[in-house]
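Working notes, structure below.
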Amino acid sequence: MEAHGAGLRRVLVLAFCVAGIWSAYIYQGILQETLSTKRFGSDGKRFEHLAFLNLAQNVVCLVWSYIMIKLWSSSSGGGAPWWTYWSAGITNTIGPAMGIEALKYISYPAQVLAKSSKMIPVMLMGTLVYGIRYTFPEYMCTFLVAGGVSAFALMKTSSKTISKLAHPNAPLGYGLCFLNLAFDGFTNATQDSITARYPKTSAWDIMLGMNLWGTIYNMIYMFGWPHGSGFEAVQFCKQHPEAAWDILLYCLCGAVGQNFIFLTISRFGSLANTTITTTRKFVSIVVSSLLSGNPLSPKQWGCVLMVFSGLSYQIYLKWKKLQRLQKKKKT
């Protein structure tokens, strides 16, 4: 009976994590799309300073992680010093900025789809730089994802979607997304290196260090000279309070979402988190298409299904690999 009760609690916690991640990031996606396409106020001006979202996100997550460390962390030291995150902070500042900037040139569904192809640069780097050999099913996953993204990019976007973009330019938009993936790859590798050198480093420590340097770099970039774009962004928010409110909600969604991600990884492992976030991206595309007026053609929906079939198969392969490792440990 106790085992049944523990199992039920575990299922409820997992459902809580899924609901938290989905609701936080799907709503954040809606806000991101709104800020990149909407015309605010009676003057009908666009919020052009999308890089300001990264600075605002850094500040909110920095404060959030500091509070969490003070409230919940039981660590007695031994974590990575704050200065070790300086290099990862650079790529973690440039990468997300490029991803958000891409929304000026391509639609939100296209951006989500392009950023879902993270496995492609990882496998390319693994093969070319480290000589790693992958299995046929792994290559099949990559083919499905690469084929789906490429076909989606080559298809004609609806005139209604194009009219909402600030500066329609598909090659530039997709290029920014893939640069975003490349910088993310370096960021993840650096974070892994830091946690390997300092095993006592907690997720909150990483969040604090990364957002501290992100805040420093973005402050310099946006307010480091008299006519920096940060001053214009602040002035826009003063003139259009609705945009300021959307930015605050956007940042809070990111902080809450990170909370649920850390909870999922600590309770259920990274594979469960990957599954939840992958399905969330698919739902984000569906929600965007239905609510935000980004109609996709049947052929484009076919490309979306092709990409997420590849990602789902990749998750299944990881699950099988994990099962084999657990069997080996038992024997």
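Values as computed for the structure displayed
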read-out: Neighbour cut-off at most 12 other Cβ (10 Å), DSSP loop, trypsin sites (Lys or Arg not before Pro), segment 181-262; value: LYS200
read-out: Peptide ranges 166-172, 320-326 listed from the most packed, as the mean C-beta count within 10 angstrom indicates; value: 166-172, 320-326
read-out: Accessible area expressed per residue, segment 88-134, with surrounding protein chains retained (probe 1.4 Å, Å²); value: 41
read-out: Cut-off under 5 Å, modelled amide H: who pairs with LYS45 long-range; value: PHE40
read-out: Local electrostatic count at ILE69 - Lys and Arg +1, Asp and Glu -1, tallied over other residues with Cβ under 14 Å; value: +1
read-out: Computed [θ] at 222 nm, helices only, for the chain once each DSSP H run of length n ≥ 4 contributes -39500 (n - 2.57); value: -27000 deg cm²/dmol
read-out: Farthest toward positive dipole pole in the chain [+1 Lys/Arg, -1 Asp/Glu at C-beta], among ALA170, LEU62, PRO109; value: PRO109
read-out: Cα centroid separation, segment 16-64 to segment 258-331 (Å); value: 22
read-out: Carbon/sulfur fraction of accessible area - segment 30-164, other protein chains in place, 1.4 Å, %; value: 67
read-out: Nearest-10 value in Å² for the accessible area of VAL11, using the 1.4 Å probe; value: 90
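The values are calculated or read from the model by the stated rules, or taken from the named source; none is laboratory data. Keep in mind the model is a prediction, meaning the values are calculated, not measured. In this analysis, Cβ positions are derived from the backbone assuming ideal geometry, glycine residues included, and neighbour counts consider all displayed protein chains. Just so you know, the surface numbers come from the protein's heavy atoms only, side chains and all, with ligands and any DNA or RNA stripped out. Shrake-Rupley method; radii C 1.70, N 1.55, O 1.52, S 1.80 Å.
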